[in-house]
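**Student:** Have a look at this one before I ask anything.
Where a number appears in this text, it was derived from the coordinates with a stated rule and is not lab data. Since we're looking at a predicted model, the values are computed, not measured. Every residue, glycine as well, gets a Cβ built from its backbone with ideal geometry; the counts of neighbours run over all protein chains shown.
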Amino acid sequence: MEKIIYLDNAATTKTAPEVVEAMIPYFSEHYGNPSSIYSIAAESKKGVEIGRKQIADVIGAKQEEIYFTAGGTEADNWALEAVAEAYKNKGNHIITSKIEHHAILHTCQYLEKHGIEVTYLDVDENGVVKLDELKKAIRPTTILISIMFANNEIGTIQPIKEIGAIAKEHGILFHTDAVQAFGQLPINVDELNIDMLSSSAHKINGPKGIGFLYIRKGVKIRSFIHGGAQERKRRAGTENVPGIVGYGVAAKRAAETMKERTEKERELRDYLIERVTREIPYTRLNGHRTDRLPNNANFSFQFIEGESLLIMLDGKGICGSSGSACTSGSLDPSHVLLAIGLPHEIAHGSLRLTLSEETTKEELDYVVEEVKKIVERLRNMSPLYEDFVKAAKH
Ligand code: PLP
């Protein structure tokens, strides 16, 4: 098979071999239910608690503040719905941004049907939430601010410390969707005043279907999945023991390799951005130039369709994305690209490339050459481009 160049690490990552290795005994030997009392069950319980500790350590949390979920989506749903219910005597207003993941936006829309008022903050042209608008949006009834740590499409990192400080000053809870940031950026929940944080293992070389919600001690929050007494009665269901074990190993590994890995990724990312924007005309970089995830590059090429570009790149063994994996398949342009002010036709011609620790300069050189050729071919087929060239000549 032709070599695959995988540049869609914001969609998901390859599970690391040491993660798989750590998980295997929990399928074969330590398969007991952590709630049972015999000794093989004690091994499972131990695995869960080690995983919890490894994860808590990465964000400076206490072990008992980590609640396992079935992924980032569940953690986001839980945070918003549970706060809306538990704090309904205090108020019914939530503040979020227009560029959140659909796990947040669709939950907000659901809550709006049930009496919650939501303010969706605008962002600037780089995708950064405006702090003065955030302050202005606060009402006496505001119970929660939920702003993502870093955006999954354009990679922009939000001023989380400032947002945390504003929330604290007003006595409002602060939740952040850190699905893209956990393991990529240093996070300390105390220093950043974060009360709740969502994360997901499969974005950091861990397994799919396991995530967590960090809930600061003292935050009132009801259970979301009803049933048994697992997760201190807050999240019922037999624990995904191999998943939790794998997540713990992946989190520890991500924290230990973060500095070196992200330095290398940042350098390659900047090389890619520099070459693409210099060598391909009518191209723009989406997202903040420097305050962006170390592995994220997102471009818009005028006069082309992102979907066609993706299909042709796939033919060359290159995996990228034209928006988030969840929105691809739909013809609507990305809500994130529209929120940063791109017109529909430019938002349609976007390409997200997200690097991994395994990405090399040689791979990126190949990718740039292929993108250049394909963009040129697609433009030559575009009537809009033809008109543009004709008009430019006159
Ligand atoms: N939030 C963000 C920012 C994401 O990027 C994703 C996944 O792409 C999610 C939430 C959903 O996470 P999961 O796939 O674990 O449900």
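**Student:** Can you tell me the Rg and Dmax of region 112-162, counting just the alpha carbons, in angstroms?
**Tutor:** Both quantities, over Cα of region 112-162: 12.2, 33 Å.
**Student:** Antiparallel DSSP bridges in the chain: what percent, to the nearest 5? Spell out each step's value before the answer.
**Tutor:** Numbers: 21 of 39 bridges.
About 55 percent, rounded to the nearest 5.
**Student:** Then there is this: Taking +1 at the Cβ of each Lys and Arg and -1 at the Cβ of each Asp and Glu, which of 360, 392, 142 sits farthest along the dipole of the chain towards its positive end, judged by Cα position relative to the Cα centre?
**Tutor:** Farthest along the dipole direction, towards plus: 142.
**Student:** Rounded to whole Hz and in sequence order, give me ³J(HN,Hα) for region 211-216 from the Karplus expression 6.51 cos²θ - 1.76 cosθ + 1.60, θ = phi - 60°, writing x for Gly and Pro.
**Tutor:** Each residue's phi maps through the Karplus curve to give x, 8, 10, 7, 10, 4 Hz.
**Student:** Specify whether the C-alpha gyration tensor of region 339-394 places it in the rounded, prolate or oblate class, a ≥ b ≥ c being the square roots of the eigenvalues: rounded for a/c under 1.5, otherwise prolate if a/b is larger than b/c and oblate if not.
**Tutor:** In terms of gyration-tensor shape, oblate.
**Student:** Taking θ = phi - 60°, what integer Hz values does the Karplus form 6.51 cos²θ - 1.76 cosθ + 1.60 yield along region 293-310, in sequence order, with x for Gly and Pro?
**Tutor:** So the Karplus estimates, Gly and Pro as x, are 4, x, 10, 9, 10, 9, 10, 10, 10, 5, 6, 9, 9, x, 4, 5, 4, 4 Hz.
**Student:** Give the angle, between 0 and 90 degrees and rounded to the nearest 10, that separates the Cα long axis of helix 102-112 from the longest principal axis of the Cα atoms of the chain.
**Tutor:** Once rounded, one gets 70 degrees.
**Student:** Here's something else I'd like to know. What is the diffusion coefficient of region 71-214 in µm²/s, taking the Kirkwood radius over Cα pairs and the Stokes-Einstein relation at 25 °C with a viscosity of 0.890 mPa s? Intermediate results must be reported in sequence, preceding the final value.
**Tutor:** Numbers: Rh = 15.0 Å.
Result for D is 164 µm²/s.
**Student:** With charges only on Cβ, +1 for K and R and -1 for D and E, what is the dipole size of the chain about its Cα centre, in debye, rounded to 20? Before the final figure, lay out each step's value.
**Tutor:** Values: 48 positive and 55 negative charges, 181 e Å.
The dipole of the chain has a size of about 860 debye.
**Student:** Between 126, 380, 77, where does the largest GNM mean-square fluctuation fall for the chain, given springs only between Cα atoms within less than 10 Å?
**Tutor:** Residue with maximal mean-square fluctuation among 126, 380, 77: 380.
**Student:** So, counting K/R as plus one and D/E as minus one, what does the shell of residues with Cβ under 15 Å around residue 87 add up to? Write out the running numbers ahead of the final one.
**Tutor:** Values: positive: 88, 90, 139, 216, 220, 222; negative: 81, 85, 117, 195.
Net local charge, residue 87 excluded: +2.
**Student:** Set the Förster radius R0 to 56 Å, insert the Cβ-Cβ distance between residue 362 and residue 238 as r into 1/(1 + (r/R0)^6), and round the FRET efficiency to 0.05. It would help to have the intermediate numbers written out before the result.
**Tutor:** On the way: r = 46 Å, r/R0 = 0.82.
Efficiency for this residue pair is about 0.75.
**Student:** Given axes a ≥ b ≥ c from the Cα gyration tensor, I'd like to know whether region 188-243 is rounded (a/c under 1.5), prolate (a/b larger than b/c) or oblate.
**Tutor:** Numbers: a/c = 2.77, a/b = 1.07, b/c = 2.60.
Taking the square roots of the gyration eigenvalues as a ≥ b ≥ c, region 188-243 is oblate.
**Student:** Further question on the same structure: Computed FRET efficiency, Cβ-Cβ of residue 208 and residue 388, R0 56 Å: what is it to the nearest 0.05? Walk me through the numbers before you get to the answer.
**Tutor:** Numbers: r = 43 Å, r/R0 = 0.77.
My answer for the efficiency is 0.85.
**Student:** On the principal axes of its Cα set, how long, how wide and how thick is the chain? Give whole Å, largest value first.
**Tutor:** Cα extents, longest axis first: 79, 54, 33 Å.
**Student:** Let me ask something else about it. Convex hull over the Cα atoms of region 271-318, averaged projected area in nm²?
**Tutor:** On the way: hull surface 15.4 nm².
Value for region 271-318: 3.9 nm².
**Student:** Counting every Cα pair in region 225-346, what percent are over 27 Å apart? List each step's numbers first, then the result.
**Tutor:** On the way: 3082 of 7381 pairs.
It works out to 42 percent of all Cα pairs.
**Student:** What does the extension gain come out to for residue 46 and residue 226, with contour length at 0.36 nm per residue minus their alpha carbon separation?
**Tutor:** On the way: separation 180, 0.36 × 180 = 64.80 nm, distance 2.38 nm.
Taking 0.36 nm per residue and subtracting the Cα distance, the gain is 62.4 nm.
**Student:** Something else: State whether region 1-143 is rounded, prolate or oblate according to the following rule on the C-alpha gyration tensor (a ≥ b ≥ c being the square roots of its eigenvalues): a/c under 1.5 gives rounded; otherwise a/b larger than b/c gives prolate, and the remaining case gives oblate. Walk me through the intermediate numbers first.
**Tutor:** On the way: a/c = 2.72, a/b = 1.56, b/c = 1.75.
Oblate.
**Student:** Right, next: Using just the alpha carbons, could you tell me how many Å³ per residue the convex hull of region 163-284 encloses? Kindly include the intermediate steps, with their values, before the conclusion.
**Tutor:** On the way: hull volume 19.3 nm³, N = 122.
Expressed per residue, the convex hull around the Cα atoms of region 163-284 is 158 Å³.
**Student:** Once you have the alpha carbon radius of gyration of region 213-283, what is it after dividing by 2.2 N^0.38 Å, with N set to its residue count?
**Tutor:** Values: Rg = 21.0 Å, N = 71, 2.2 N^0.38 = 11.1 Å.
It is 1.89.
**Student:** Dipole size in debye (nearest 20) for region 243-335 around its Cα centre, Lys and Arg Cβ +1, Asp and Glu Cβ -1?
**Tutor:** Working: 13 positive and 13 negative charges, 64 e Å.
The dipole of region 243-335 has a size of about 300 debye.
**Student:** Right, another one. State to the nearest 20 debye the size of the charge dipole of region 4-152 about its Cα centre, where the only charges are +1 on K and R beta carbons and -1 on D and E beta carbons. Don't skip to the answer; put the middle values down first.
**Tutor:** On the way: 14 positive and 21 negative charges, 89 e Å.
Once rounded to the nearest 20, the dipole reads 420 debye.
**Student:** So between residue 18 and residue 291, what do we pick up on full extension, going 0.36 nm a residue minus the alpha carbon distance? Can you show the working numbers first?
**Tutor:** On the way: separation 273, 0.36 × 273 = 98.28 nm, distance 3.10 nm.
Result for the pair: 95.2 nm of gain on full extension.
**Student:** Got the relative contact order for the chain handy, in percent, Cα pairs under 8 Å and 6 or more residues apart? Walk me through the intermediate numbers first.
**Tutor:** Working: 746 pairs, mean separation 87.1, N = 394.
Rounded, it is 22 percent for the chain.
**Student:** Using θ = phi - 60° and the Karplus relation 6.51 cos²θ - 1.76 cosθ + 1.60, list the HN-Hα couplings for region 62-72 in order, rounded to whole Hz, with x at every Gly or Pro.
**Tutor:** Each residue of region 62-72 in turn: 8, 3, 6, 9, 9, 10, 6, 10, 8, x, x Hz.
**Student:** Now for a different question. Along the positive direction of the dipole of region 165-251 (beta-carbon charges: Lys, Arg +1; Asp, Glu -1; about the Cα centre), which of 207, 187, 225 reaches farthest?
**Tutor:** 225
**Student:** Still on this structure: Give the peptides 131-137, 262-268 in descending order of average Cβ contacts within 10 Å, highest first.
**Tutor:** On the way: 131-137: 13.6, 262-268: 16.6.
Put in order of decreasing packing, that is 262-268, 131-137.
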